[in-house]
Every structure is written in C-alpha cells, then in structure tokens.
1. Got a number for residues in region 1-17 being within 15 Å of the ligand (Cβ to nearest atom) and modelled with pLDDT under 80?
2. Does any residue of region 235-258 turn out to be surrounded by fewer than 19 Cβ atoms within 10 Å (Cβ to Cβ), small (Gly, Ala, Ser) and not assigned by TED's automatic domain parsing to the domain that holds VAL317?
3. Residues that are open to solvent by 20 Å² or more (accessible area, probe 1.4 Å) and modelled with pLDDT of 95 or more, at least 3 per element: which helices (runs of 4 or more DSSP H) completely within region 297-404 meet that?
4. Which count do you get for residues in region 89-114 that are within 28 Å of GLU133 (Cα to Cα) and out of contact with any helix residue (DSSP H, G or I) (no Cβ under 8 Å at 6 or more places or on another chain)?
5. Report every pair of residues separated by at least 6 positions or lying on different chains whose Cβ atoms are under 6 Å apart, first residue within region 38-50 and open to solvent by 10 Å² or more (accessible area, probe 1.4 Å), second small (Gly, Ala, Ser).
6. Being in contact with a strand residue (DSSP E or B) (Cβ under 6 Å, 6 or more places away or on another chain) and open to solvent by 60 Å² or more (accessible area, probe 1.4 Å) is the filter; apply it to region 57-82 and report the residue that is nearest to PRO41 (Cα to Cα).
7. Do you know which of the residues in region 271-294 that are more than 23 Å from PHE103 (Cβ to Cβ), outside any strand (DSSP E or B) and open to solvent by 20 Å² or more (accessible area, probe 1.4 Å) is nearest to the ligand (Cβ to nearest atom)?
8. For VAL143, state whether it is aliphatic (A, V, I, L, M), in contact (Cβ under 8 Å) with a residue 40 or more places away in the chain and assigned to a helix (DSSP H, G or I).
Amino acid sequence: MSNNSRKLIIASNRLPFVLERDGDSWKLIPGSGGLVTAMAPVLRDRGGTWIGWPGIAGKVDISDHLASASTSAGFDMKPVYLEEEDVKQYYIGLSNEVLWPLFHDLQSYCNFNPSYWQAYIDINARFARVISENAGPEDFIWVHDYHLLATASELKKLGMQTSIAFFLHIPFPPLDIFAKLPWRTEILHSMLAYDIVGFQTLRDRRNFLQCLRTFVDDISIEGKGQVLTARSGGRSIRIGYFPISIDYDEFSHMAESREVADAAWYIHEDIPKGKIVLGVDRLDYTKGIPYRFRAFEKFLEEHPDLHRKITLVQVVVPSRRNIPVYEDLKIEIERMVGEINGRFTRSGWVPIHYIFRSLSRPELLGYYRTAEIALITPLKDGMNLVAKEYCASNIEQSGVLILSEFAGAAPQMKKGAILVNPYSIEEVSKAIFDAWRMDLRERRMRMKKLQGSVAKNDIYWWVNSFLNVSIDRKLDDFPPV
Ligand code: GDG
C-alpha cells in the first residue's frame, strides 16, 4: 500500500461531538475542551477517522447524524458505545475518580474502588476492537489521553502489528503520588505496549521515567533530548515530550474579524469601568477557581481605591455534571461569587461577572480580545490552551497573562507571563495589582514575546514533531480530503 492511502486514525474517549436529546430525536453539538480544540484542525484538512464515545449511555442509532457530522467536519467518525454501567465504572469511575485526580496530584479526591479496574480494561478492549475494524495496515493509529492507557495492550492481543502512538493530555504525577495507585504496575505495563508515548512536558516525562525505573523490573532507558528509548520485555518504546498548542492563525484571524470586534466592543461597553480580568475554565477542581476568587477578594480588600476600576469576568463551562464532586464545586463557586459580590458591589459596579455556560467561539474571542488581564491559575494542568488562545486573540497586544507555574504551558510562556503559585492568595493578589499598573510598553513587549512563541510552536508544529518522531512523516504526507 502506498503512502497515499495512509490515514490518520484518532481514538479518544469522546468523539468531537456530543449527542443531545432533541424532542424525540437527537442532535449533535460540537464538543468543548482542549483535546477537541487541538485535534479537530489536524483532521479537518487531512481527513481520517475519529473513534470515540458519542457521550450518551446505550446504543442509539445515530448513523445518519454521524454521517452528516462527518461530512461537515471533513473526517469520518466511528462510535464506541457505552452502557450505563460502563459509564459508571470506566468513565466516572477509573477515569475520573481515580486517574484524573491522581494525575493532577489531588489524591484526596480519589476513589480506589476495586471494581473499576476490570471495567476499565473491558472498555479499552472495546475501543481496541473498533480501532482494529477501522484501521488498515498502513494507517497511523494515534490514541489519546488517560481513558485509554490500556488500549494498545488490547490491540496487541487482537494481533495488531502496526505501531501505535499515544499522547497524554494531562500531567503524569510524581513517583510518590503515582505509587498510591493500586494498579500502578498494570498501568505502566499497559503504557509500554504503545510504540511511542508522548507527554506534554519534560516534567511529566521525568515523572514517568522515575515510575518505570521503580516499578518495572527489566527496564532500561537510553538516549537524550526530546525523545528517549526505553527497552523492556524485548521491545523498544520511544518516550518524548511534545507541548500541545493551538491553530494560532485561526485564532488570530478570527480575533480580527468584525464579528469579534463587535463582541469585544459590547463587552467593554457593558463593563465600562476600568479593566477586565478574565478567567475561562471548564468546571473542574483542578482549575483553581475558588483560590482565584480568594485572591481577587484579597486584592479588593487591599485596594479600595481600585474598586469600580476592575472587574473579574469568570466563564465556567459546564463539564462532567454527572459526577457529584463537580456539582459540589459548582455550588461552592456560586456561593463564593454571591459572598464576594454581596460584600463589595456598589451602585453601578459588580466585581465578579459569572457566566456558567459555553460561549460561542466569536463571543469567547471577544472576551480574549478585550480583557486587559487573563488570570489562569490551575492547581495543575497538562498544558492549558486558554493561555495560548488568549495571546493569539489579543491583537491590540496590550493584555497581561497571569499564569500558574503548575500549568504545562508555564515553561514555554514564562518569559512573557507573570508566573504565580496558584495556592498563594497573596502572590496571586499581588500579580493582579502588578498587571493592573504595568505600563503599555512592558505589556506590549511581553505580549509580543508570548505571541511569537505560540505562533512558532502552533498545533501544526506539534503534530508534525509527533509524526516525525513516530513514523518519520509530516502532516502533509497524509493526502488531503
Ligand atoms: C485538556 C487538559 C490540555 C473554554 N470555554 C469555552 C471554550 N473553551 C475551550 C477553550 C479551550 C478548551 O475549551 C479548554 O482547554 P484547556 O487546555 O484549557 O483545558 P482542558 O479542557 O482541561 O484540556 C489540558 C488540553 O487537554 C489539550 O491537551 O491543555 O491541560 O486538561 O480550547 O477554547 N470553547 C467554547 N466556548 C467556551 O465557553 N467554544
């Protein structure tokens, strides 16, 4: 088979669309979240196949919807169906009550329920079956994220010979934290069934290697630089770090559009008093929203002269609402907004504008374009694309980025951003003040640096460096649709 028939096959827990009830029928709405933002432009121009769960339990016939969504998206979509119990055990259970909190260093949120593990393996085997039904021998199979750590080992059981790549979008935890996982050796051995394993940052790869050296008996690691080689069980596995990014040009061009300019103008027209500080996050306890509110409250306590001159706009996108801890977080966030606004609001000025919904792209870019300060303070984050999107969309080049040092984006953005420890209420409060009084010359200088670095290392740079290491190919080697 020639290179021209080579296809990209992407597998992730979710398809890039979510199925929602629409009366007696169903509708597909675009998914949100970093994985979709990053990967959709990659497949859009090249075609290929995206395999994932459509987002509702049970097997409903959505073939017509998927066919029309595939046509408009520019690539095929193949569903993996989950029953109610699968969702409980594999998705809510092992993926989001164990791996998600543990890999973000928040082990107190973990529920190590023994029944979760077998369900996780069973669903990874189901993904493996759908992948093997849809992949040809020349195709490049690229599996994504923590839900599917064991898919390659299941594919190998099915006799798959093709090399299989994996990218972890979330952090990999330090040894002391990973060691608490009851299935730590099983997870490491499953990950070693991939042929290439990619992490977001050097820190994540370092943590992974330390865990391999501790828990895998016959491991040896060779090489230096971005990609190393691990040998175990008579196989070689390449292990690298590839900081993910965005389609910079798409964001910056869209930010220049009339629609976004109008949205930006209306946003500031409605908040005419002073500067806007912007937070944009999925509803998630890793994003540090309560700490951020405490820091903003401290800022307001310490700077009564700046009341009415600064407003925090916090966008929270609904996410994982079927998991109780997420519902509790929503209640806590809303309680804090009420408390802080109740204390500081004065006639004509409300200090926190809270938005709980997903914004349209132009509206989101309107906020990015017009906000003077972006306040992005996750407690830990694989990368954080919002930080990169803010810079790409800040076409006046006058915005200031305050960024958590625990975001994967921090090493790339530290020269232009104000880095903070998100747990330090004093430090974040001071960073807001420093950003507020920073002169235009310094803001420009910092924003230009940030934009230069995101533009250079954009999503196409990321995918090409991954493909280059995996199969010695670039995205252009895949035939356009
Ligand atoms: C995971 C990792 C890693 C947000 N609000 C709206 C909206 N968004 C989009 C943003 C951005 C995405 O959601 C969020 O991406 P992040 O990277 O910030 O965070 P996660 O969703 O947690 O992503 C993360 C990422 O995977 C990629 O590897 O960076 O660390 O946790 O793209 O634009 N989109 C729309 N309306 C909104 O209101 N349309």
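1. Adding up the residues that qualify gives 0.
2. So far as region 235-258 goes, yes, one or more of its residues are surrounded by fewer than 19 Cβ atoms within 10 Å (Cβ to Cβ), small (Gly, Ala, Ser) and not assigned by TED's automatic domain parsing to the domain that holds VAL317.
3. Passing ranges, in order: 324-344, 361-370.
4. Count: 2.
5. Final answer for the pair search is ARG44/GLY74.
6. Selected residue: ASP76.
7. If we take residues in region 271-294 being more than 23 Å from PHE103 (Cβ to Cβ), outside any strand (DSSP E or B) and open to solvent by 20 Å² or more (accessible area, probe 1.4 Å), then ARG294 is nearest to the ligand (Cβ to nearest atom).
8. Spelling it out, it is not the case that VAL143 is aliphatic (A, V, I, L, M), in contact (Cβ under 8 Å) with a residue 40 or more places away in the chain and assigned to a helix (DSSP H, G or I).
The values are calculated or read from the model by the stated rules, or taken from the named source; none is laboratory data. Please read these numbers as outputs of a predicted model, since none were measured by experiment. Note that we place each Cβ from the backbone using ideal geometry, even for glycine, and neighbour counts take in every protein chain shown. In case anyone asks, the SASA skips ligands and DNA or RNA and just uses the protein heavy atoms, side chains included. Shrake-Rupley method; radii C 1.70, N 1.55, O 1.52, S 1.80 Å.
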